[in-house]
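Asks: What follows is a structure written as structure tokens; I'll ask about it next.
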Ligand SMILES: Nc1ncnc2c1ncn2[C@@H]1O[C@H](COP(=O)(O)OP(=O)(O)O)[C@@H](O)[C@H]1O
Ligand SMILES: [Mg+2]
């Protein structure tokens, strides 16, 4: 049983189901990566795990507790953090205000947490007074991740954190994500750059049309010739 | 030289000070419209009536205080009554939200539905106001009329033209400055204010961050009711209180908000002064000013007025149309606080 697991999830946005009996999970200190073609339901699966989508079947367990019926903000309180694929920063708020809003549910002193985020992403400290909307794509993603880290989540869910950034920035972001995982945070992430992501993944899920197609360790998926041919471009 | 100073005093008396006063009233009104637009995401047509409602409550309390003999000479008693008017208007606004808007919010109704509902609220409030205080002019101003009267000014300076500053004008401008500073401080430096800006920027992410939308909505209405009551009372003190005038004020107020860029509070303030000064500059009779500035003996037949004062309300309408055609985003862009 994984630390966080969405089990046999079935559901969608309206009448039609997008997810069919889909299962994804991750353990502490582990990186789990979801890959698959566009429209496969990767983002939908993430939203389902975070409670932003009603499930018709299946359940979500977190730290041994059934959280299926909890609202997203209640899951934040339990120790889950989520960086959505799009619109994941407050563009008109400064970098620092974004971090403050990430910690909105906390009542204690948040200065240490802000300092930690600045240690992880030094560029954000330089730009802390700037509106997040004025930053480059890579810097914005750092703000987005930083915002989610402000509650010290036990599990961090990232939907395409490297979308639209240069390869150098991507490597840099992956390094930071590995660093976060080393703090015993479980990381569940969706990635377009499937090859690079599976290289740092402990566990990989290949989703197709809302269903689990392949589930294995990152290494094994990279070695699987069928996966390589169909999803990793040879 | 003395003629130039006389011309300046004349312009100051009839253009600059009235413009700053009227602009401050519009700016406070437009701020309320902009807050509703950027947080609740609809154009609130009931805002003019909310101003009238707040002013009405303040007037009723003012009369009560006057009857009790309470006064804060030389300041108008209405300032003392204002907090009561604000509290009553907040309560009424929250009641309307609970009983009317909350239902449509729950159903995630479109902004057009909200707009139409707000027109309904406008008519109901308008009726209620006329029912309580009647449709007529109400005078509730007391205290000293002038800080500097034209006669004093002339005696002090020896000029031919007087630059008068009425008490209501000074009170309006100063109150507007204080309120705007407080509002911006609240939005930019308090946790609650920042959470309002965050909600207005990105509702979904605000929910993910644990910001309670009900609380944000409530605080927005509290701010809107406060701004509306202050704007309505200041306008009533300066001109006079007449319910139907507030409905007419809706046009220049919306024009101010749109000229500045709807949803942007700085824009609302700038827009208020742009509209106020445009109205005054275009309808001012420049005859006397020109007489001061030209050599003696030149006869000027006309009033030297660009538009008759009857067209005052048309000015904001024309500016509104021009802005919507040429630069729909307004002076300052953005739909967020
Ligand atoms: N908000 C939404 N409402 C309705 N359908 C949606 C919504 N978001 C995504 N979909 C549909 O769900 C399917 C899966 O989308 P998504 O989960 O975003 O795919 P992926 O992230 O794998 O690219 C697509 O067919 C998409 O059109
Ligand atoms: Mg996606």
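The values are calculated or read from the model by the stated rules, or taken from the named source; none is laboratory data. Just so it is clear, the model here is predicted, and its values are computed rather than measured. When we count neighbours, we look across all protein chains shown, and the Cβ atoms used for this are built from the backbone with ideal geometry, even at glycine.
Asks: Residue by residue through the range A:109-125, note down the ones that are surrounded by 15 or more Cβ atoms within 10 Å (Cβ to Cβ) and outside any helix (DSSP H, G or I).
Replies: A:110, A:121
Asks: Now, a different point. Identify all residues within the range A:40-68 that are in a strand (DSSP E or B) and touching a helix residue (DSSP H, G or I) at 6+ places or on another chain (Cβ under 9 Å); write none if there are none. Break it down stepwise before answering.
Replies: So in the range A:40-68, the residues in a strand (DSSP E or B) come out as A:57-62, A:65-66.
Matches in the range A:40-68: A:58, A:60, A:62, A:65.
Asks: Could we say that residue B:109 is farther than 23 Å from residue B:252 by Cβ, surrounded by 14 or more Cβ atoms within 10 Å (Cβ to Cβ) and free of Cβ contacts under 8 Å to residues at least 12 places away in the same chain here?
Replies: Details: farther than 23 Å from residue B:252 by Cβ: yes; surrounded by 14 or more Cβ atoms within 10 Å (Cβ to Cβ): yes; free of Cβ contacts under 8 Å to residues at least 12 places away in the same chain: yes.
Criteria met by residue B:109.
Asks: Also, I was wondering about something else. Take the residues of the range A:155-173 that are outside any helix (DSSP H, G or I), more than 12 Å from the chain's Cα centre (by Cα) and away from ligand 1 (no atom under 16 Å from the Cβ): which is nearest to residue A:191 (Cα to Cα)? Let's see the steps before the verdict.
Replies: From the range A:155-173, those outside any helix (DSSP H, G or I) are A:155-166; that's our starting set.
Subset that is more than 12 Å from the chain's Cα centre (by Cα): A:163-166.
Next, only the ones that are away from ligand 1 (no atom under 16 Å from the Cβ) stay: A:165-166.
Values: A:165: 12, A:166: 14 Å.
Out of the qualifying residues, it is A:165.
Asks: Still on this model: Residues A:53, A:19: which one is surrounded by 24 or more Cβ atoms within 10 Å (Cβ to Cβ) and within 16 Å of ligand 1 (Cβ to nearest atom)? Reasoning before the result, please.
Replies: Values: A:53 fails: surrounded by 24 or more Cβ atoms within 10 Å (Cβ to Cβ).
One residue alone meets the criteria, A:19.
Asks: Considering only the range A:187-234, state which residues are assigned to a loop (DSSP other than H, G, I, E, B) and under 19 Å from the mean Cα position of the chain (by Cα).
Replies: Kept after step one, since they are assigned to a loop (DSSP other than H, G, I, E, B), are these residues of the range A:187-234: A:191-193, A:201-202, A:209-210, A:224, A:232-234.
Within the range A:187-234, A:191, A:192, A:193, A:201, A:202, A:210 meet the criteria.
Asks: How do the pairs read when you match residues in the range A:19-48 that are within 18 Å of residue A:61 (Cα to Cα) and within 14 Å of chain B (Cβ to nearest Cβ) with residues anywhere that are more than 7 Å from ligand 1 (Cβ to nearest atom) and assigned to a loop (DSSP other than H, G, I, E, B), using Cβ under 7 Å and keeping only pairs 6 or more apart or on different chains?
Replies: Within 7 Å, the pairs are A:47/A:53.
Asks: Is the range A:4-11 home to any residue that is more than 11 Å from ligand 1 (Cβ to nearest atom), closer than 16 Å to residue A:80 by Cα and touching a helix residue (DSSP H, G or I) at 6+ places or on another chain (Cβ under 6 Å)?
Replies: Yes, the conditions are met somewhere in the range A:4-11.
Asks: Which condition from (1) modelled with pLDDT under 95; (2) over 23 Å from residue B:133 (Cα atoms); (3) out of contact with any strand residue (DSSP E or B) (no Cβ under 9 Å at 6 or more places or on another chain); (4) buried (at least 16 other Cβ atoms within 10 Å of the Cβ) is the one that residue B:14 breaks?
Replies: Residue B:14 satisfies every listed condition except (3).
Asks: Separate question: Given (1) in a helix (DSSP H, G or I); (2) within 14 Å of another protein chain (Cβ to nearest Cβ); (3) surrounded by 24 or more Cβ atoms within 10 Å (Cβ to Cβ); (4) under 22 Å from the mean Cα position of the chain (by Cα), identify the lone condition not met by residue B:263.
Replies: Exception for residue B:263: condition (1).
Asks: In the set A:128, A:106, A:147, which member is in contact (Cβ under 8 Å) with a residue 12 or more places away in the chain and in a helix (DSSP H, G or I)? Don't jump to the end; show me each part of the working.
Replies: Numbers: A:128 fails: in a helix (DSSP H, G or I); A:106 fails: in a helix (DSSP H, G or I).
Checking each option against the conditions leaves just A:147.
Asks: Has the range A:60-75 got at least one residue that is within 16 Å of ligand 1 (Cβ to nearest atom) and within 10 Å of chain B (Cβ to nearest Cβ)? Give the derivation first.
Replies: First, pick out the residues of the range A:60-75 that are within 16 Å of ligand 1 (Cβ to nearest atom): A:72.
Within this subset, residues satisfying the condition of being within 10 Å of chain B (Cβ to nearest Cβ) are A:72.
Yes, some residue in the range A:60-75 is within 16 Å of ligand 1 (Cβ to nearest atom) and within 10 Å of chain B (Cβ to nearest Cβ).
Asks: Among residues belonging to the range B:182-215 that are surrounded by 18 or more Cβ atoms within 10 Å (Cβ to Cβ) and more than 21 Å from residue A:151 (Cα to Cα), point out the one that is nearest to the other protein chains (Cβ to nearest Cβ).
Replies: Taking the candidates together, the pick is B:200.
Asks: Only helices (runs of 4 or more DSSP H) wholly contained in the range B:1-118 count here; list those with 3 or more residues that are under 30 Å from residue B:212 (Cα atoms).
Replies: Working: elements: B:2-11, B:17-35, B:47-68, B:78-96, B:102-106.
Qualifying helices (runs of 4 or more DSSP H): B:17-35, B:47-68, B:78-96, B:102-106.
Asks: OK, next. If you take the residues in the range A:78-103 that are more than 7 Å from chain B (Cβ to nearest Cβ), closer than 23 Å to residue A:190 by Cα and in a helix (DSSP H, G or I), which one is modelled with the lowest pLDDT?
Replies: Among residues in the range A:78-103 that are more than 7 Å from chain B (Cβ to nearest Cβ), closer than 23 Å to residue A:190 by Cα and in a helix (DSSP H, G or I), the one modelled with the lowest pLDDT is A:78.
Asks: Looking at the range A:37-50 only, could you name the residues that are more than 6 Å from ligand 1 (Cβ to nearest atom) and farther than 15 Å from residue A:158 by Cβ? Full working, then the answer.
Replies: The initial filter retains those residues of the range A:37-50 that are more than 6 Å from ligand 1 (Cβ to nearest atom), namely A:37, A:45-50.
If the condition is that a residue be more than 6 Å from ligand 1 (Cβ to nearest atom) and farther than 15 Å from residue A:158 by Cβ, then A:37, A:48 are the ones that fit.
Asks: Still on this structure: Go through the range B:130-148 and give me each residue that's surrounded by fewer than 16 Cβ atoms within 10 Å (Cβ to Cβ) and not in a helix (DSSP H, G or I).
Replies: From the range B:130-148, those surrounded by fewer than 16 Cβ atoms within 10 Å (Cβ to Cβ) are B:130-132, B:134-137, B:139, B:144-145, B:147-148; that's our starting set.
Matches in the range B:130-148: B:134, B:135, B:136, B:137, B:139, B:144, B:145, B:147, B:148.
Asks: Regarding the range B:274-283, can at least one residue be identified that is closer than 28 Å to residue B:80 by Cα, modelled with pLDDT of 90 or more and surrounded by 15 or more Cβ atoms within 10 Å (Cβ to Cβ)?
Replies: yes
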